[in-house]
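J.: Take a look at the following structure, please.
The values are calculated or read from the model by the stated rules, or taken from the named source; none is laboratory data. All of these numbers come straight from a predicted model, not from anything done at the bench. Ideal geometry is used to build each Cβ from the backbone, glycine not excepted, and the neighbour counts take in all protein chains shown. We work out accessible area using only protein heavy atoms, side chains counted, and drop any ligands, DNA or RNA first. Shrake-Rupley method; radii C 1.70, N 1.55, O 1.52, S 1.80 Å.
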Amino acid sequence: MVVGPDFMTGVDEEHFDEVDTLLKAAFPTDAEARLVKKLRADGDMLFEARKPWEGRIGGYFALSRMQAPEGWACLAPMAVLPEWQGGRLAERKPNMEAGGPKDQLYRGPWRFGSRMLQHLQSYYEVFPAGVRERMPETIVVLGKPSFYGRYGFSLERAQKLISPYPLDCTLILRRGVDVPEAELIYPRAFHDGGC
């Protein structure tokens, strides 16, 4: 049977140091670690999620409160331990056969980032109404459309937004099929040295 990383859970203060270590390992500078600390200090952090495996945090993402539009959130940062990216953790597991379709089938469950985004996407597609109502109306992400687009984030639906960042890498996740018109104002931490 193919298994994978443990269930995604929230981040508590006891996990802050390990999250900091993960962010510093996953990115070339400490900018994302500083961003997370600033979002927490400013009270703009809505939710932090971690995906552990055997007692270590392998994946992480943060949802922070957008200043505008009201009820929207920003997905940033998102990180996976470099040595576990791309399902590489599966390579060290027993019964792993290299090459061919079985290789990719086996690696899939070990892809931390993909699993976290699938979980987030499910809140907008299949979870009961009571759970969905507690989620932000819309989640904005800056990233590769070819990656985030696989998990419900839409580049096309973000094209009428006004943003301080390029629209060719701005995607949104929300229920429905509308194309909202709004000005995006990110949390202060994105503008005053947090990132």
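J.: Which condition breaks for residue 10 when tested against (1) crowded, with 18+ Cβ neighbours inside 10 Å; (2) under 19 Å from residue 135 (Cα atoms); (3) not hydrophobic (A, V, I, L, M, F, W, C)?
T.: Checking residue 10 against (1) crowded, with 18+ Cβ neighbours inside 10 Å; (2) under 19 Å from residue 135 (Cα atoms); (3) not hydrophobic (A, V, I, L, M, F, W, C), the one that fails is (1).
J.: In addition: Answer yes or no: is there a residue in the range 31-42 that is in a strand (DSSP E or B) and free of Cβ contacts under 8 Å to residues at least 40 places away in the same chain. Talk me through it step by step, then tell me what you get.
T.: Going through the range 31-42, the residues in a strand (DSSP E or B) turn out to be none.
Looking for residues that are in a strand (DSSP E or B) and free of Cβ contacts under 8 Å to residues at least 40 places away in the same chain, one finds none in the range 31-42, hence no.
J.: Moving on to the next point. Please pick out the residue among 31, 26 that is out of contact with any Gly (no Cβ under 7 Å at 6 or more places or on another chain), over 21 Å from residue 114 (Cα atoms) and either aliphatic (A, V, I, L, M) or open to solvent by less than 40 Å² (accessible area, probe 1.4 Å) (or both).
T.: On the way: 26 fails: over 21 Å from residue 114 (Cα atoms).
Unique residue meeting the criteria: 31.
J.: In the range 58-145, which helices (runs of 4 or more DSSP H) lie fully inside it and hold 2 or more residues that are touching a Gly at 6+ places or on another chain (Cβ under 6 Å) and at pLDDT below 85?
T.: 112-125
J.: Then there is this: The conditions are (1) free of Cβ contacts under 8 Å to residues at least 60 places away in the same chain; (2) more than 14 Å from residue 81 (Cα to Cα); (3) small (Gly, Ala, Ser), and residue 26 fails exactly one of them. Which is it?
T.: The failed condition is (2).
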